Amino acid sequence: MSTTADAASKAVAVEPAPGSRKLSTAKALQEAIAQQMRADPSVFVMGEDVGPYGGIFSSTTGLIDEFGPERVLDTPISETAFIGLGIGAAVEGMRPVVELMFADFFGVCMDQIYNHMAKIHYESGGNVKVPMVLMTATGGGYSDGAQHSQTLWGTFAHLPGMKVVVPSTPYDAKGLMTAAIRSDDPVVFMFHKGVMGLGWMKKNPRSIGAVPEEAYEVPIGKARVAREGTDVTVVTVSLSVHHALDVAEKLEGEGISVEVIDLRSLVPLDREAIVASVSKTGRLVVVDEDYESFGMTGEVIASVAERDPALLRHVSRVAVPDVPIPYARELEYAVLPTPARIEAAIREAVTG
């Protein structure tokens, strides 16, 4: 890290009060990246359509106007090439933010991601750092079909050597991106399209929130209690946090008290926060817009069961069944963890 970045890092706030200034998640991401680019000349951005177009989900809008094409690089459609380029730049001391347009595209460049980005630090005996952010869009609900609608954060979390962060709010998106860029480790930064607050997508009031203007960090690996409750714990990430909060507000009128835990990061996973909540409620519902088998839901449940299985008076999962995400809207919403499915699971938890 450069001297400039070192000085900035020492001055950064950690989870300051949000204040009253409102931004969308997309705007919060843009601001985080721009602030780090101003503070550290080794930070740059590259990927498909990140320049004048601003990223297809507006993650990089306006950056090329301030920093120019030498630091905001539009790339050809070759994920293997430009992710490899980012890795090379990182090991030589730069701090690239590389956008993989959709998480679904990881298959064509997984060798670069997992056999290089994730392993170089280990294989060098800790002598070579890879301070790189791999930013990617995730999630369904928009009839994008089986190849553009997956989340896949469980796949990345399963592979050692990378941090994996999944923000749900504008505040967390800015703070986690700031922390990711400043980190000396490779970080996979996964944003759901539905939390970005884009005008051309389905309206989501929770995609706009209070964000401090100054640079700050949200610690990677620290969960957030998004809503306190006493009857049942819902553990989830990203857009499903919004759905869980909507359901919790609805059920409050019926006397059902739901605690919502927003993991914010899958690697590291805040197991202590999960256990602390379930110790209070005794009931656990894990919600995940990823595939059910071999994923986040099972890992969260194991985090409690391996500590004290007696805590679990009830446990259930709401996730995507092990099928490709359908294109047809009715079929797609039948497999996604919708508010209706979350509500049914909570009701079963408190009555069963």
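Here, each number is a calculation from the coordinates, and none is a lab measurement. Predicted, not measured: the structure shown is a model, and the values here were computed from it. In this analysis, Cβ positions are derived from the backbone assuming ideal geometry, glycine residues included, and neighbour counts consider all displayed protein chains.
Annotations
- Summarising the strand pairing of the chain, around 15 percent of its internal DSSP beta bridges are antiparallel.
- Most mobile of V91, V130, V234 in a GNM of the chain (Cα contacts under 10 Å): V91
- Along the stretch 309-315 the Karplus relation, 6.51 cos²θ - 1.76 cosθ + 1.60 evaluated at θ = phi - 60°, assigns HN-Hα couplings of x, 5, 5, 8, 6, 8, 8 Hz to successive residues, with x for each Gly and Pro.
- Amide H contacts of F102: A137, each under 5 Å away and 5 or more positions distant or on a separate chain (H built 1.01 Å from N in the peptide plane; Pro and chain starts excluded).
- Across the stretch 1-121, C-alpha contacts under 8 Å between residues 6 or more apart give a mean separation that, scaled by the residue count, equals a relative contact order of 24 percent.
- Within the shell defined by Cβ-Cβ distances under 10 Å, the residues around E292 carry a net charge of -2, with Lys and Arg each +1 and Asp and Glu each -1.
- Placing dummy labels 7 Å off each Cα toward the beta-carbon, the span from D184 to L159 is 2.4 nm.
- For the chain, averaging the sequence separation of C-alpha pairs within contact (under 8 Å, six or more residues apart) and dividing by the residue count gives a relative contact order of 17 percent.
- Here the 3J(HN,Hα) profile of the stretch 35-43, calculated from phi with Karplus coefficients 6.51, -1.76 and 1.60 at θ = phi - 60°, is 4, 6, 5, 5, 7, 9, x, 7, 7 Hz, Gly and Pro shown as x.
- Rule-of-thumb Rg ratio for the chain [Cα; 2.2 N^0.38 Å; N residues]: 0.96
- Inter-label distance, E348 to A13: 4.3 nm, where each label sits 7 Å from its Cα along the C-beta direction.
- Solvent-free Debye scattering, log10 I(q)/I(0), computed from the Cα coordinates of the stretch 220-325 at q = 0.13, 0.15, 0.17, 0.20 Å⁻¹: -0.42, -0.56, -0.72, -1.00
- For V318, the amide hydrogen comes within under 5 Å of the amide hydrogens of V286, V287, D288, counting only partners 5 or more places away or on other chains and with H modelled in the peptide plane.
- Square roots of 5 times each gyration tensor eigenvalue, C-alpha, the stretch 205-276, largest first, Å: 22, 17, 10
- For the stretch 284-352, the fraction of alpha-carbon pairs lying more than 16 Å apart is 52 percent, rounded to a whole number.
- Annotation: extensible slack from N115 through A302 equals 64.6 nm (criterion: 0.36 nm per residue apart, minus Cα-Cα distance).
- Based on alpha-carbon atoms, the Kirkwood radius and the radius of gyration of the stretch 67-136 give Rg/Rh equal to 0.97.
- Dipole magnitude (debye, nearest 20) for the stretch 274-352, charges at Cβ of Lys, Arg, Asp, Glu: 420 debye
- Net charge dipole, the chain: roughly 580 debye, given to the nearest 20, about the Cα centre with Cβ charges of +1 for Lys and Arg and -1 for Asp and Glu.
- Over all projection directions, the Cα-based convex hull of the stretch 1-133 averages an area of 9.0 nm².
- Hull volume per residue, based on the alpha-carbon atoms of the stretch 55-213 and their convex hull, is 120 Å³.
- Amide hydrogen neighbours beyond the local backbone of G55, cut-off 5 Å, H modeled: V50, T60
- The K280 and Y142 beta-carbon pair, evaluated with R₀ = 41 Å, returns a calculated FRET efficiency of approximately 0.70.
- Cβ-defined net charge surrounding Q36, 12 Å radius [Lys, Arg +1; Asp, Glu -1]: +2
- Applying the Karplus relation 6.51 cos²θ - 1.76 cosθ + 1.60 with θ = phi - 60° to the stretch 74-83 yields 3J(HN,Hα) values of 6, 10, x, 7, 8, 4, 4, 5, 7, 6 Hz, where x marks Gly and Pro.
- Across the options P219, P324, Q150, the greatest Cα extent toward the positive end of the charge dipole of the chain (unit charges at beta carbon of Lys, Arg, Asp, Glu) belongs to P219.
- Relative contact order (%) - the stretch 115-157, alpha-carbon pairs under 8 angstrom, separation at least six: 22 percent
- The convex hull defined by the C-alpha atoms of the stretch 273-324 has an orientation-averaged projected area of 3.4 nm².
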